[in-house]
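Trainee: Provided herewith is a single structure, encoded as structure tokens, for subsequent inquiry.
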Amino acid sequence: EAGVAQSPRYKIIEKRQSVAFWCNPISGHATLYWYQQILGQGPKLLIQFQNNGVVDDSQLPKDRFSAERLKGVDSTLKIQPAKLEDSAVYLCASSYGTDQPQHFGDGTRLSIL
Amino acid sequence: DQQVKQNSPSLSVQEGRISILNCDYTNSMFDYFLWYKKYPAEGPTFLISISSIKDKNEDGRFTVFLNKSAKHLSLHIVPSQPGDSAVYFCAASGQSNYQLIWGAGTKLIIKP
């Protein structure tokens, strides 16, 4: 079974620029998650999708972050404009359902200069 | 407000011995707990879980113990192997909201 695919692996941008991350979940997984992991901390949920609908985006900074999962499969997460505090690893995960273990991609390491 | 706490940032254990990683939680509504393992530059990998109706779950060398009255869980790895060197995260969720709340992780180093 192919795992969760994420791209790019690394991204360096200047503050106030925009950036987008892509995630392809495991085939058949209806639930997709985007997490932000700051160095030395555990992952923090940004947004959770069930198929193409948003289940929870309470911790997503909506003034600058957006995410979509239009066809209920792939997803993109965008930051516009980026701030220095957005430097982190952005992890995508998927699962069959909300009560099933989540499977993670290798993440995108974002550095803001 | 840290609802899930891993108070040991790192732990060093001799190969072949038992590794014990600890996790404390504050929210009594949590009823499902998971352990994930993470290697550098990779995403977390699910290791083992336990429901609040149990106090122990075992999978090969890995055993998770849950003490609900103390709001404490631990992961035992025995015997420890060099490949176990990684960061271990504890996570918890409740039935009303399946969102995972994560600890900050414990870096386990297995010494040869």
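Trainee: Percent of Cα-Cα pairs more than 12 Å apart in the stretch B:22-64, please.
Mentor: Distances greater than 12 Å cover 67 percent of the Cα pairs.
Trainee: Okay, next question. Taking every pair of Cα atoms in chain B, average 1/r, invert it to obtain the Kirkwood radius, and report Rg/Rh to two decimals.
Mentor: 0.95
Trainee: Roll a 1.4 Å probe over the protein chains and send me the accessible area per residue for chain B in Å².
Mentor: Working: 5550 Å² over 112 residues.
Per-residue value: 50 Å².
Trainee: Leaving out same-chain residues fewer than 8 places away, which lysines sit with a Cα under 25 Å from that of residue A:44?
Mentor: In chain and number order, the partners are A:11, A:15, A:62, A:71, A:78, A:83, B:5, B:37, B:38, B:68, B:71, B:107.
Trainee: Summarise the accessible area of the stretch A:5-112 (1.4 Å probe, protein heavy atoms) by the percent that is carbon and sulfur.
Mentor: Details: 2490 of 5160 Å².
Looking at the stretch A:5-112 in its full context, I get 48 percent from C and S.
Trainee: Counting only protein heavy atoms, what percent of the accessible surface of the stretch B:4-96 is carbon or sulfur at a 1.4 Å probe?
Mentor: Values: 2250 of 4490 Å².
Roughly 50 percent, rounded to a whole number.
Trainee: Hey, another quick one. If you bin every alpha carbon distance in the protein assembly as shown into 10 Å steps from zero, what whole percent lands in each bin?
Mentor: 8, 32, 35, 20, 5, 0
Trainee: Starting from the coordinates of the alpha-carbon atoms of chain A, obtain the Kirkwood hydrodynamic radius over all distinct pairs and give the value in Å to one decimal.
Mentor: On the way: mean 1/r = 0.0720 Å⁻¹.
With all distinct Cα pairs of chain A included, I get 13.9 Å.
Trainee: Give the interface area between chains B and A as buried accessible surface, both sides summed, probe 1.4 Å, in Å² to the nearest 100. Walk me through the numbers before you get to the answer.
Mentor: Working: alone 6250 and 6290 Å², together 11160 Å².
By this definition, chains B and A bury close to 1400 Å².
Trainee: Put simply, what bits of the stretch A:25-55 lose 50 Å² or more of accessible area when the other protein chains are there, versus the chain on its own (1.4 Å probe)?
Mentor: Those residues are A:43.
Trainee: Further, regarding this structure: Counting only protein heavy atoms, probe 1.4 Å: which residues of the stretch B:66-110 lose 50 Å² or more of accessible surface in the full assembly compared with their chain by itself?
Mentor: Relative to the lone chain, where solvent access is computed with a 1.4 Å probe, the stretch B:66-110 loses at least 50 Å² at B:98, B:99, B:102.
Trainee: Also: Solvent-accessible area per residue for chain A at a 1.4 Å probe radius, Å²?
Mentor: Values: 5610 Å² over 113 residues.
For chain A, the per-residue accessible area is 50 Å².
The values are calculated or read from the model by the stated rules, or taken from the named source; none is laboratory data. The structure presented is a predicted model; accordingly, all values stated were derived computationally and were not measured. When the accessible area is computed, the model is the full protein with side chains, heavy atoms only, and any ligands, DNA or RNA have been set aside. Shrake-Rupley method; radii C 1.70, N 1.55, O 1.52, S 1.80 Å.
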